[in-house]
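Visitor: To start, I am sharing the structure in question, which I have written as structure tokens.
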Amino acid sequence: MPPTAIPNLTVRNVTPADESEIRALISAAFPSDREARLVNTLRHCGALVLEQVALDETKRIVGHVAYSRVTPAAIGAGQAMQIACLAPVSVLPDKQNKGIGTTLTRVSLEALKENGEDLVLVLGPPAFFPRFGFDAELAQKVQGPYAGAAFMALALTDAGTRDLPIEVAFATPFQEFE
Ligand SMILES: CC(C)(COP(=O)(O)OP(=O)(O)OC[C@H]1O[C@@H](n2cnc3c(N)ncnc32)[C@H](O)[C@@H]1OP(=O)(O)O)[C@@H](O)C(=O)NCCC(=O)NCCS
């Protein structure tokens, strides 16, 4: 488990034993259980490329993040790109605004980079994601079902900026989520 900037906070990959705790966490962080169901469906259809949790000093799961595979649809240089979608990231309500979401996102992005991902996409609050380098302008070069200020992209390799524009398709469970 890599050390984090927050004392006693650890980040690790998800195991099957975490599933019910994760479902409860995501349902508590969002107004309904839609996001929890989305993660469950993505996980069980094999669409997730990375899923990590943050644990506090008591080993309680306090944060969760999931990344799913995005498929380049266009013919051309970008076809070889490895693209992932961050959705969702969540922190237990009574643990929010203590740096956990920031730490978990940073650590997981580092893991994605080590895994060879070129580009990460997110649909989320523009007040939160730019701190990691997510950029709505870069995302304008990514054609798909999402657009606007909340749709942001982060390049993890040179190819992530060089081989754009590109057309992409998200994992099938996102279609039911809209
Ligand atoms: C968004 C979330 C993951 C951030 O995690 P966190 O541990 O609370 O955040 P951190 O303590 O690391 O960072 C705090 C910063 O995030 C901002 N922030 C927290 N929640 C936010 C939200 N829903 N929208 C925009 N900004 C948010 C805070 O304003 C604060 O900004 P500042 O550093 O400029 O003061 C967490 O608040 C959460 O689970 N929210 C509900 C679920 C959600 O909206 N997820 C994002 C969509 S994928």
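The values are calculated or read from the model by the stated rules, or taken from the named source; none is laboratory data. Given the structure is predicted, the values throughout are model-derived calculations rather than measurements. We place every Cβ from the backbone using ideal geometry, glycine too, and count neighbours over all the protein chains shown. Note: areas computed on protein heavy atoms with side chains; ligands, DNA, RNA excluded. Shrake-Rupley method; radii C 1.70, N 1.55, O 1.52, S 1.80 Å.
Visitor: Can you pull out every residue in region 35-84 that is in contact (Cβ under 8 Å) with a residue 12 or more places away in the chain and at positive phi?
Guide: Once the filter is applied, which keeps residues that are in contact (Cβ under 8 Å) with a residue 12 or more places away in the chain and at positive phi, region 35-84 yields only 76.
Visitor: Which of the helices (runs of 4 or more DSSP H) found entirely inside region 62-178 contain at least 3 residues meeting this: closer than 22 Å to residue 29 by Cα?
Guide: Counting at least 3 such residues, we get 100-114, 173-177.
Visitor: How many residues does region 88-102 contain that are more than 6 Å from the ligand (Cβ to nearest atom) and in contact (Cβ under 8 Å) with a residue 60 or more places away in the chain?
Guide: Qualifying residue count for the region: 2.
Visitor: Go through region 153-168 and report how many residues are open to solvent by less than 40 Å² (accessible area, probe 1.4 Å) and among the basic types (Lys, Arg).
Guide: Qualifying residue count for the region: 0.
Visitor: So residue 139 fits all but one of (1) more than 8 Å from the ligand (Cβ to nearest atom); (2) farther than 21 Å from residue 39 by Cβ; (3) open to solvent by 10 Å² or more (accessible area, probe 1.4 Å); what number is the exception?
Guide: That leaves (3) as the condition not met.
Visitor: Does residue 66 qualify as being surrounded by 16 or more Cβ atoms within 10 Å (Cβ to Cβ), within 17 Å of residue 125 (Cβ to Cβ), among the aliphatic types (A, V, I, L, M) and more than 9 Å from the ligand (Cβ to nearest atom)?
Guide: Yes, satisfied.
Visitor: Now a separate question. Could you identify the single residue in 150, 127, 171 that is open to solvent by 40 Å² or more (accessible area, probe 1.4 Å) and either at pLDDT 95 or above or in contact with a Cys (Cβ under 8 Å, 6 or more places away or on another chain) (or both)?
Guide: From the options 150, 127, 171, the qualifying one is 127.
Visitor: Check 77, 84 and return the single one that is among the small types (Gly, Ala, Ser) and within 11 Å of the chain's Cα centre (by Cα).
Guide: After ruling out the rest, the residue left standing is 84.
Visitor: Of the residues that make up region 23-39, is at least one among the hydroxyl-bearing types (Ser, Thr, Tyr), within 15 Å of the ligand (Cβ to nearest atom), closer than 21 Å to residue 146 by Cα and crowded, with 16+ Cβ neighbours inside 10 Å?
Guide: No, region 23-39 has no match at all.
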